[in-house]
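**Student:** Have a look at this one before I ask anything.
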Amino acid sequence: MSNAVRAMSLSPSIGRWSVVMALLATTPGLWADASRPELVSQEQIQKWIKQLGAEHYAQREKARDQLQQVGVAAFEALHAAQYDADVEIRKQAEYLLRAIRISWTQEDDPDVVRQLLRRYQQDDYEKRTDHLAALGRIEDGHALSALCRIARFETSEILSKRAALEVMQYRLDEQDVDVTELAKNIAQLMGNSRRPAADWLRLFAEYVLDPEPTLDRWGALATAEVEAFDQRPTKVQLEVVKDLLRWRIETLQQHGRDRDMLVVLRQFVPLQGKSRDELLRTVNWLLDRQAWPLVEELIASF
């Protein structure tokens, strides 16, 4: 990361994140459903989630009411509970996640960000993807806080990851963003979330301050994403995997890690389509990165 980037100043909306986090229980909007979360331990939340699968209906209903009152403080635990072995717990967790009211806008968001977030809240999956891309194009980091909110609290795992990728792909070296403040606020906002997107952003917060020590650690996150795709291949997941690997390849190249870059390229190339146009795009992309061995392998294979 250049010295020029480190010296850049962050937008006021991102600089006030620490205040937002301190007022979780009282701030309107995103946090309105957190009923004094500092008084509810995660252990208690886990007990209520377990009770969602209780034999007696009264116990299940009481646990559901308690979790609904806690609201956003139970988000992470409920998100994980969607994959519980107990079908009743899975069903109730999905219901409760839908019931948590999340307003993506904050009072200090710039108007252009607020407008896009309102559309994001109203629209379907395809349009939400477009809105994320639009947020990623807003200058001077004014939408980075909004993208991080979405990465942590969007119930769709794919959209959560796409929001994180928009932050990671942001051209910090071309924009007026204080990376030190950005890193601090990302780490704070992600908290103890165990979601993949939160893991990516926490490591990204370290990356923007000191890239070199993080480069190898990205490998485990990227490999986990490739393995997840191999287990449940879908078109939308494929696009996320490709974007993550593409970002990793570009960062390795920027830091002169050509040998490591070739290893990741060998993960990346098989994920590309096999139509003539797709193959030509892949070849051109490889040529831009001077990955001559892989260009030769691709030509030999097709």
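**Student:** How large is the translational diffusion coefficient of the chain in µm² per second when you combine the Kirkwood radius over alpha carbon pairs with Stokes-Einstein at 20 °C and 1.002 mPa s?
**Tutor:** On the way: Rh = 20.9 Å.
D = 103 µm²/s.
**Student:** Quick one: angle between helix 179-190 and the longest Cα principal axis of the chain, in degrees between 0 and 90, rounded to 10, please.
**Tutor:** Once rounded, the angle reads 40 degrees.
**Student:** For the chain, please report how many Lys pairs fall under 21 Å Cα to Cα, leaving out neighbours fewer than 8 apart on the same chain.
**Tutor:** Close lysine pairs found across the chain: 13.
**Student:** Nothing charged except the Cβ atoms of Lys and Arg (+1) and of Asp and Glu (-1): what's the magnitude of the dipole of segment 227-302 about its Cα centre? Round to the nearest 20 debye. Numbers along the way, then the final one.
**Tutor:** Details: 12 positive and 12 negative charges, 20 e Å.
Dipole size: approximately 100 debye.
**Student:** Can you classify segment 132-217 as rounded, prolate or oblate using the Cα gyration tensor, where a ≥ b ≥ c are the square roots of its eigenvalues, rounded means a/c under 1.5, and otherwise it's prolate if a/b beats b/c and oblate if not? Present the calculation step by step, with values, prior to reporting the outcome.
**Tutor:** Numbers: a/c = 1.60, a/b = 1.07, b/c = 1.50.
Note, shape of segment 132-217 comes out oblate.
**Student:** With a 1.4 Å probe and all protein chains left in place, how much accessible area per residue does segment 26-177 have, in Å²? Walk me through the numbers on the way to the answer.
**Tutor:** Numbers: 7500 Å² over 152 residues.
Heavy-atom accessible area per residue stands at 49 Å².
**Student:** By accessible area of protein heavy atoms, probe 1.4 Å, what ranking do GLU126, GLU166, GLU278 get, highest first? It would help to have the intermediate numbers written out before the result.
**Tutor:** Details: GLU126 120, GLU166 30, GLU278 65 Å².
Correct descending sequence by accessible area is GLU126, GLU278, GLU166.
**Student:** Mind putting a number on the dipole of the chain about its Cα centre? Charges go on the C-beta only, +1 for Lys and Arg and -1 for Asp and Glu, and I need it in Debye to the nearest 20.
**Tutor:** 600 debye
**Student:** Farthest toward the dipole's positive end in the chain, which of GLN51, LEU97, ALA143, given Cβ charges of +1 (Lys, Arg) and -1 (Asp, Glu) about the Cα centre?
**Tutor:** Among GLN51, LEU97, ALA143, the one farthest towards the positive end of the dipole of the chain is GLN51.
**Student:** Give me the orientation-averaged projected area of the Cα convex hull of segment 144-302, in nm², one decimal. Please report the intermediate quantities before stating the final value.
**Tutor:** Numbers: hull surface 38.8 nm².
About 9.7 nm², averaged over all directions.
**Student:** Which values, in whole Å and largest first, are the semi-axes of the equivalent ellipsoid of segment 231-272 obtained as the square root of 5 times each eigenvalue of the Cα gyration tensor?
**Tutor:** On the way: eigenvalues 94, 20, 8 Å².
Over the Cα atoms of segment 231-272, the semi-axes work out to 22, 10, 6 Å.
**Student:** Right, next: Tally up the carbon and sulfur contribution to the accessible surface of segment 79-197 as a whole percent, 1.4 Å probe, everything protein left in place.
**Tutor:** Working: 2280 of 5340 Å².
C and S atoms contribute 43 percent here.
**Student:** Turning to a different aspect of this structure: Could you give the spread of the C-alpha atoms of segment 67-162 along their three principal axes, from largest to smallest, in whole angstroms?
**Tutor:** 45, 26, 20
**Student:** Helix 292-301 versus the longest principal axis of the chain: what angle, 0 to 90°, nearest 10, using Cα atoms?
**Tutor:** For helix 292-301, the angle is close to 90 degrees.
**Student:** Just to be sure I understand: with springs between alpha-carbon atoms less than 10 Å apart, which residue in PHE75, PHE229, PHE204 has the highest mean-square fluctuation in the Gaussian network model of the chain?
**Tutor:** Residue with maximal mean-square fluctuation among PHE75, PHE229, PHE204: PHE229.
**Student:** Same structure, new question: Rounded to the nearest 20 debye, what is the charge dipole size of segment 71-224 about its Cα centre when +1 sits on each Lys and Arg Cβ and -1 on each Asp and Glu Cβ?
**Tutor:** 620 debye
The values are calculated or read from the model by the stated rules, or taken from the named source; none is laboratory data. Everything numeric here is computed off the predicted structure, so don't read it as measured data. As a convention, Cβ positions derive from the backbone with ideal geometry for all residues, glycine included, and neighbour counts pool all protein chains shown. SASA here: full protein model, heavy atoms, side chains in, ligands and nucleic acids out. Shrake-Rupley method; radii C 1.70, N 1.55, O 1.52, S 1.80 Å.
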